[in-house]
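Below: one structure, written as structure tokens.
The values are calculated or read from the model by the stated rules, or taken from the named source; none is laboratory data. Here the structure is a predicted model, which means the values were calculated and not measured. Cβ coordinates were reconstructed from backbone atoms using ideal geometry, including for glycine residues, and neighbour counts include every protein chain displayed.
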Amino acid sequence: MTVKVIYTVINLFIVLYILPESFAFDSYDVRNYLSTRTPYRFKFNRDDSRLKFNGCKDAMVWMIIRHGTRLPSAKDIIAMNSTLKDIKYEILNVQKRKKGVLTKEQLKQFKAWSSVIDIEQEKFLTHEGQHEMILLAERMQNRFPNAIRNKYSNKTHQFRYTATQRAQQSARYFTIGLFDKRDAQNVTFLPAKKIDPVLRFYKHCDKWQKQVKKNPDTYKEQKLFGVSSQMNDTLKSISNRLGLDKIMNLDSVDLMYKTCGYETAWSKHHVSPWCYPFDGNSAENLEYYHDLKHYWMDGYGHNLTYRQACMAIKTMFEIFKTKKDPFATFLFAHSGTLLKILSHLHLYKPQTPLTGHAVNKERRWKTSDIDCFAANLAFVLYRCKDGDHVLTLHQERVIKLPMCAKELCPLQKLEEHFHDSIHNCDYSNMCSLDKDSSS
Ligand SMILES: O=C(O)[C@@H](COP(=O)(O)O)OP(=O)(O)O
């Protein structure tokens, strides 16, 4: 091989495999603002060293995980196959008149773009999602080798998922990360429930469905932001970048934004052409548009939204009380589950409610950070000389719960704080439409 060939091969390797991942994103990189379509490879904690505390031993883990990166919904697949294709041709057409800022290379990528997703596979887990689960499992086991044994037994491990392909497959790939091949094949999963009051408590909470999910007021702030001057400027800037003669509507721009997110999540080696129309600022505005929806639907907007998450949280306290060590519980669920649980724990609450008047840049409620694909929350029970303690990790990073003085928090302190969540979590009372309508 000549020196030139070797040089080319090395360069190609760097461009294909090293650059896209090791790119230190500047704060205005579009990839920082992909909302709930952010892939976990942008967020995970590389440091998987054992988490040790003097005089303590990790004994149990209770972990809830949003499924890994998935395919779009049927509605989005159809829109990608129709509306987005039309937009692509419009972009290519105007570029013939040398309008817009896209480079030749970017246009080439638009030209080559097509969407071939089978609608039968809507929301299926992708390869990226499989990897997310395997690697997450490996790192969690490295951190807590006593609580999460690498030898499977139904006495020491429990796995449960919602009745969806993406959650079921996520659970399966997670076990591949934990155990050797033979063990992984023999894992027993608890049966998935069509009506699942623990993993998807909100789906059948009639009062929440009526007062929040199906209440147009829930989307008021998002709608307000959708017609704000900030959003209008974003639509103009995107249309100008593409050199279009008219200004695109929000639906089209939102479809491009979502596709940029999905395609970024699916492949580490390929930049989606649908990200080119966005600069950091416009992506940030689209992210806020989505954050507003989740804040009012899945977060702090309504008390009942997060109150009902006691259905999931109380199972953690029950398990920590009743099971024998070591014991590890892994639950595979959804964005809506995780966000409501985070709010139940008073995490990432913005100083003031999010509104549609302008982007709140200081907010802690950022779905790109807290609700990416494979987002996860873990509680680890440590048996210590001075009693049982709980360590909390969000996105694999140790966090301090607001009601605790330190990261390693006495179990008793948590049980006191969450007394109502454990003992007065009456689902039918809370969710029945016959009861008092206050939420
Ligand atoms: O299924 C979806 O479209 C969303 C919302 O689901 P819910 O929050 O309504 O369960 O969640 P995802 O499965 O992506 O985590």
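Couple of notes before you dig in:
- The stretch 121-133 residues that are at negative phi and more than 13 Å from the ligand (Cβ to nearest atom), paired with ones that are modelled with pLDDT under 95 and in a loop (DSSP other than H, G, I, E, B) (beta carbon under 8 Å, 6 or more apart): Glu128/Lys268
- Answer residue from the stretch 297-330, given it is within 14 Å of the ligand (Cβ to nearest atom) and of a type in the set (A, V, I, L, M, F, W, C) and is nearest to Arg37 (Cα to Cα) among those: Met297
- Test result for Ile319, assigned to a helix (DSSP H, G or I), touching a residue at least 12 places away in the same chain (Cβ under 8 Å), touching a helix residue (DSSP H, G or I) at 6+ places or on another chain (Cβ under 8 Å) and not acidic (Asp, Glu): no
- Filter result for the condition that a residue is within 16 Å of the ligand (Cβ to nearest atom), outside any loop (DSSP other than H, G, I, E, B) and in contact with a strand residue (DSSP E or B) (Cβ under 9 Å, 6 or more places away or on another chain), over Ala137, Ala171: Ala171
- Beta carbons closer than 8 Å, at least 6 apart along the sequence or on distinct chains, pair a first residue in the stretch 220-232 that is in a loop (DSSP other than H, G, I, E, B) with a second that is modelled with pLDDT of 95 or more for Ser228/Gly356; Ser228/His357; Ser228/Ala358.
- Candidates Leu71, Leu107 - the one that is under 30 Å from Ile370 (Cβ atoms) and either at pLDDT 95 or above or away from the ligand (no atom under 16 Å from the Cβ) (or both): Leu71
- The stretch 179-206, residues that are over 19 Å from Ile313 (Cβ atoms) and outside any loop (DSSP other than H, G, I, E, B): Lys181, Arg182, Asp183, Ala184, Gln185, Asp206
- Under the condition of being hydrophobic (A, V, I, L, M, F, W, C) and over 21 Å from Gly129 (Cβ atoms), the residues counted in the stretch 149-183 number 0.
- Residue-level check: of (1) buried (at least 17 other Cβ atoms within 10 Å of the Cβ); (2) modelled with pLDDT under 95, Leu347 misses just (2).
- From the options Thr164, Thr188, residue that is surrounded by 15 or more Cβ atoms within 10 Å (Cβ to Cβ) and either among the hydroxyl-bearing types (Ser, Thr, Tyr) or touching a Gly at 6+ places or on another chain (Cβ under 9 Å) (or both): Thr164
- Count of the stretch 94-110 residues which are assigned to a helix (DSSP H, G or I) and closer than 16 Å to Ile238 by Cα: 5
- Any hit, the stretch 407-418, residues being at positive phi and either more than 27 Å from the chain's Cα centre (by Cα) or buried (at least 20 other Cβ atoms within 10 Å of the Cβ) (or both): no
- When Asp206 is tested against (1) farther than 26 Å from Pro72 by Cα; (2) away from the ligand (no atom under 16 Å from the Cβ), just one condition goes unmet, and that condition is (2).
- Once the stretch 38-56 is narrowed to residues that are outside any loop (DSSP other than H, G, I, E, B) and in contact with a Cys (Cβ under 8 Å, 6 or more places away or on another chain), the residue that is nearest to Val390 (Cα to Cα) is Cys56.
- Every condition in (1) part of a helix (DSSP H, G or I); (2) in contact (Cβ under 8 Å) with a residue 12 or more places away in the chain holds for Arg160 except the one numbered (1).
- The stretch 209-237 - residue that is polar (S, T, N, Q) and within 30 Å of Thr164 (Cβ to Cβ) and, of those, nearest to the ligand (Cβ to nearest atom): Gln209
- One residue from Ala192, Ala184 being touching a Ser or Thr at 6+ places or on another chain (Cβ under 7 Å) and farther than 17 Å from Arg70 by Cβ: Ala184
- Residue count for the stretch 140-168 satisfying the condition of being more than 16 Å from the ligand (Cβ to nearest atom) and polar (S, T, N, Q): 8.
- Residue match in the stretch 193-203 (condition: away from the ligand (no atom under 16 Å from the Cβ), within 20 Å of Asp298 (Cα to Cα), modelled with pLDDT of 95 or more and surrounded by fewer than 16 Cβ atoms within 10 Å (Cβ to Cβ)): no
- Strands (runs of 3 or more DSSP E) wholly inside the stretch 331-429 containing at least 3 residues that are touching a helix residue (DSSP H, G or I) at 6+ places or on another chain (Cβ under 8 Å) and within 16 Å of the ligand (Cβ to nearest atom): none
- Lys349 being out of contact with any strand residue (DSSP E or B) (no Cβ under 8 Å at 6 or more places or on another chain) and without any contact (Cβ under 8 Å) to a residue 60 or more places away in the chain: yes
- Selection from the stretch 122-161 of residues that are among the hydroxyl-bearing types (Ser, Thr, Tyr) and either buried (at least 19 other Cβ atoms within 10 Å of the Cβ) or at pLDDT below 95 (or both): Thr126, Tyr152, Tyr161
- Residue in the stretch 400-417 that is closer than 14 Å to Met316 by Cβ and of a type in the set (D, E, K, R) present: yes
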